[in-house]
Amino acid sequence: MKNLIDYRWLGYGCLLFCCWCTAGFAHEAVSPHAVLVGYGQSIPAIGETTERFGALDIVYRHRRVLHPDRGRGWYAGNHEFWIELPVSLVLKNRDDRDVYSVGMAGMNFLFAWVFAGGPYGQPYVTFGGGPRYVFADIEGVGSRTPGNYQAGVGYRFAGPANTVLTLDVRFVHVSNLNLASPNVPLNSAVGYIGISF
């Protein structure tokens, strides 16, 4: 299992490297609305996470440019604020026999630095967090209303007919801030693909 985790982080590093290599001139304005779908996997080797689970996500994102055309050289870009409305279906093996699912919904408040890009798109980094609501008990979380913080990297690709495709990967930490017991954090790696409209 350790080798599998190492290969995932190698893949994330390769994505980040590709983003830096294509940095260049600014891309056309991107629509403020996007829908993303993704899948995440918990990583028991990080922190106090003990549960292994997967999650299917669908996310609506609304973005607002706070400060356009900032910086010079390699760090030139836009400072943006994103509001995301994620809905998740958490999947977990029970006794290695069957699968049960738990719904989760929330709101993320994210700050992003979107680098000036070349003719094919723009790389970005993002961080933030927000509240979650869990529709059923998840063992170890201890609360129906945990929160999360996250950080990630991504890339916007110029698509056909003025569409913009988005790829991003994130580290997500979910816990209840010790407001309830037990409080076993859920650390996971999540990948998203989306389209702006």
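The values are calculated or read from the model by the stated rules, or taken from the named source; none is laboratory data. For clarity, every value in this text was computed on a predicted model and none was experimentally measured. Cβ: placed from backbone, ideal geometry, glycine included. Neighbour counts: every protein chain shown.
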If you take just the strands (runs of 3 or more DSSP E) that sit entirely in region 59-124, which of them hold at least 3 residues that are hydrophobic (A, V, I, L, M, F, W, C) and modelled with pLDDT of 95 or more? 77-94, 108-115
Consider residue 160 carefully, then state whether it is at pLDDT 90 or above and either more than 15 Å from the chain's Cα centre (by Cα) or farther than 30 Å from residue 75 by Cα (or both). no
Would you mention how many residues in region 163-183 are under 21 Å from residue 42 (Cβ atoms), modelled with pLDDT under 90 and touching a Ser or Thr at 6+ places or on another chain (Cβ under 6 Å)? 3
Of a type in the set (A, V, I, L, M), at pLDDT below 90 and either surrounded by 17 or more Cβ atoms within 10 Å (Cβ to Cβ) or closer than 17 Å to residue 90 by Cα (or both): is that true of residue 186 in this structure? yes
So, in region 26-83, of the ones that are surrounded by 15 or more Cβ atoms within 10 Å (Cβ to Cβ) and among the basic types (Lys, Arg), which residue ends up nearest to residue 193 (Cα to Cα)? 61
State which residue pairs qualify: first residue over 24 Å from residue 149 (Cα atoms) and inside region 60-87, second residue at pLDDT below 95 and of a type in the set (S, T, N, Q) in any location, beta carbons under 6 Å apart, and separation of 6 or more residues or different chains. 68/78
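So, in region 125-141, of the ones that are under 19 Å from residue 50 (Cα atoms) and touching a Gly at 6+ places or on another chain (Cβ under 9 Å), which residue ends up modelled with the highest pLDDT?
134
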Leading residue by the ranking (surrounded by the fewest Cβ atoms within 10 Å (Cβ to Cβ)) among those in region 142-157 that are among the hydroxyl-bearing types (Ser, Thr, Tyr) and modelled with pLDDT of 90 or more: 149
If I ask for residues that are farther than 19 Å from residue 51 by Cβ and either without any contact (Cβ under 8 Å) to a residue 40 or more places away in the chain or not in a strand (DSSP E or B) (or both), which ones from region 181-197 would you list? 197
